[in-house]
Amino acid sequence: MDTIHGNIQGLKPNQLKQLGRLYQQRLPQDRLTTAEFAQRLAAISTDLNQPLCTYINRRGQVIRVGIGFPHQTQIPPLELPRYGAKRLCGIRCIATNGPGTFPSEAHLTAMVLQRLDALMMLTLTGQGFERRGGGATGYVDVAYLAHLLPQGADSPWSLSPAIDLDTLVEQDFLALVEGLETEFERDFTGQDVDQDHDRIILIGLDTGEQKGQGIADRLQELSRLVDTAGGEVLETVIQKRSRPHPQTVVGAGKVQDIAMAAQTLGANLIVFDRDLSPAQTRNLEQRIGLRVVDRTEVILDIFAQRAQSQAGKLQVELAQLEYQLPRLTGRGQAMSRLGGGIGTRGPGETKLETERRTIQRRLNRLQKEVNELQAHRSRMRQQRQKQEVPTVAIVGYTNAGKSTLINALTNATVYTADQLFATLDPTTRRLVIDNEDGTRSMLLLTDTVGFIHELPPALIDAFRATLEEVTEADGLLHVVDLSHPAWQSQIKAVEGIIGEMEITPGPTLLAFNKLDQVESETLELAKSLYPDAVYVAARERIGFETLRQRLLALV
């Protein structure tokens, strides 16, 4: 028998048979329903003393029968066709409601979440399912018709007043659906959305315990990361909770709000401002029906786009695989347990286990190559040290202007852009400094990958060969974007990452950049907090003479 969804406990065999027979019904393709089908639903609903929902495709076939209201019987998001914001899902719902009742917001929200073609609510007569005792025939009193509206409307749905069933039955259903989809297509075309262009909703959780960064700063930075990765932020959602929900990070109600916003805005990706466990990602995707990623995945995606050299690509792939491996768990429909003894014999190796084993082999190979890269960089540093030329590693928060500074100081051509993580591969250039006595001194400046709050551990591990340029340098030049509103927390973030390195780096010179974009109050505050720092504007080449002399004194 076809599956009856919802609570079927206590139903009689004859009642289950009646529900199962609904799957055999075939409705006209150009009609929302027929009077006979509607009255039959009402009769069954009255006999059950419970609301009833049937879901019908555009061929007129009943594909799902559920006991309960639309928000209780809705089709799981992952089982629905995904057409995006320009089409409906191709399924309509015909549901029964109690006598004298009106479709609730929960019913209409379920329609939006599923992008149903339409929702038809049949209000029963006084003999409806609220009257206990059974034996009633059950007839439709009036009906209500609801459907989605294009973006930009005052409400995401349209709900008709009470309509006589005979009038509703005569309505041309296909004309209604085709008219709606024409409107959706017009909206979609007007937005000029690229198929490869992610439309994103950002989710922030405010527990009041964020370290260094407030929730607003975190989400602003995440928005920059998304923009750098090539996505478009449609909306930002924040929830205040004392602690993250163990299953979905945010509460159940907020998950539904996110799903609703995704449908109404046409989003195709949800991005959280914190790391998600594999189980949380899986639960969220099942309930929202869209791909869900966390902050680390966005950063990894940016690194994958930015990596140019073979070494950079190698390190990015290692970081991605290390991140993905634990997230394979549970993606298969069935998992065998290989081994020996009772309880460990299974049907053989599943696709999931094969994929995990393949990734592990690739990880081992990449790890070996990274170790070789580490050894190569070590030999290069030893050769530089033999020449007795001091080295200074340029560190700083991403987009602080490190590459612009090394270009201006050494006439290099390192790629620069107003983006986060514009450059990944370390670049070493000579800096020649004229001394007061007419002699010349030489330094080697190494541009390194930018840091960020809570730099993902997978990246720190994969890029250790690159980060060793920091620990092995004779001194550090810490570049700070003084024009950024959160420059103080960015300083702490960089210092925190450097402090966690196994080898203590050499002395550090703090250089505040973008002096030409800073207000006087901010400049005075920085000078009072960091009196030994230097102040430059890399693009305008301001403060370079002082910087050169301080670099020479540093090493």
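The values are calculated or read from the model by the stated rules, or taken from the named source; none is laboratory data. Since we're looking at a predicted model, the values are computed, not measured. No Cβ is skipped: glycine too gets one built from the backbone with ideal geometry, and neighbour counts run over all protein chains shown.
Restricted to the range 235-246, and to residues there that are surrounded by 15 or more Cβ atoms within 10 Å (Cβ to Cβ) and out of contact with any Gly (no Cβ under 8 Å at 6 or more places or on another chain), the residue that is farthest from R287 (Cα to Cα) is E235. Looking at the structure I just gave you, is T34 over 25 Å from G289 (Cβ atoms) and in contact with a Pro (Cβ under 9 Å, 6 or more places away or on another chain)? Yes.
Kindly list, by first and then second residue, each pair from a residue in the range 240-264 that is free of Cβ contacts under 8 Å to residues at least 40 places away in the same chain to a residue that is of a type in the set (S, T, N, Q) and crowded, with 18+ Cβ neighbours inside 10 Å, limited to pairs with Cβ atoms under 6 Å and residues at least 6 apart or on different chains. So the pair list comes out as Q247/N283; T248/N283; K254/Q239; V255/T248. Consider the range 284-321 and keep the residues that are among the β-branched types (V, I, T) and in a helix (DSSP H, G or I). The one that is surrounded by the fewest Cβ atoms within 10 Å (Cβ to Cβ) is T296. Of all the listed residues (K514, K527, K492), the sole one being modelled with pLDDT of 90 or more, crowded, with 19+ Cβ neighbours inside 10 Å, of a type outside the set (S, T, Y) and not assigned by TED's automatic domain parsing to the domain that holds R218 is K514.
Yes or no, residue by residue, for (1) over 13 Å from M120 (Cβ atoms); (2) out of contact with any strand residue (DSSP E or B) (no Cβ under 8 Å at 6 or more places or on another chain):
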{"residue": "N7", "(1), (2)": "yes, no"}
{"residue": "K12", "(1), (2)": "yes, yes"}
{"residue": "Q18", "(1), (2)": "yes, yes"}
{"residue": "R21", "(1), (2)": "yes, yes"}
{"residue": "Q29", "(1), (2)": "yes, yes"}
{"residue": "L32", "(1), (2)": "no, no"}
{"residue": "R40", "(1), (2)": "yes, yes"}
{"residue": "I56", "(1), (2)": "no, no"}
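Going by the conditions given, is D227 more than 14 Å from the chain's Cα centre (by Cα), of a type outside the set (S, T, N, Q) and closer than 25 Å to Q488 by Cα? Here the answer is no, as D227 does not meet what is asked.
When restricted to residues that are of a type outside the set (G, A, S) and either surrounded by fewer than 19 Cβ atoms within 10 Å (Cβ to Cβ) or at positive phi (or both), the range 35-46 contains 3. For the structure I just gave you, tell me whether R64 is crowded, with 20+ Cβ neighbours inside 10 Å, farther than 21 Å from P161 by Cβ and modelled with pLDDT of 90 or more. It is true that R64 is crowded, with 20+ Cβ neighbours inside 10 Å, farther than 21 Å from P161 by Cβ and modelled with pLDDT of 90 or more. Residues of the range 113-129 that are touching a Cys at 6+ places or on another chain (Cβ under 6 Å) and at pLDDT 90 or above: L116, L119.
Look through the range 387-414, keep the residues that are in contact with a strand residue (DSSP E or B) (Cβ under 7 Å, 6 or more places away or on another chain), in a helix (DSSP H, G or I) and of a type in the set (A, V, I, L, M, F, W, C), and return whichever of them is nearest to Q308 (Cα to Cα). Of everything passing the filter in the range 387-414, I406 is nearest to Q308 (Cα to Cα).
Note on the range 142-169: residues that are loosely packed, with under 15 Cβ neighbours inside 10 Å and within 10 Å of L108 (Cα to Cα) amount to 1.
In the range 144-261, counting only helices (runs of 4 or more DSSP H) that sit wholly within it, the ones holding 3 or more residues that are at pLDDT below 85 and assigned by TED's automatic domain parsing to the domain that holds E36 span 173-191. If you go through the range 507-528 and pick out every residue that is touching a residue at least 12 places away in the same chain (Cβ under 8 Å), under 22 Å from Q549 (Cα atoms) and out of contact with any strand residue (DSSP E or B) (no Cβ under 6 Å at 6 or more places or on another chain), you end up with 1. Taking the range 361-394 on its own, how many of its residues are modelled with pLDDT of 80 or more and either surrounded by fewer than 13 Cβ atoms within 10 Å (Cβ to Cβ) or of a type in the set (G, A, S) (or both)? The total comes to 5.
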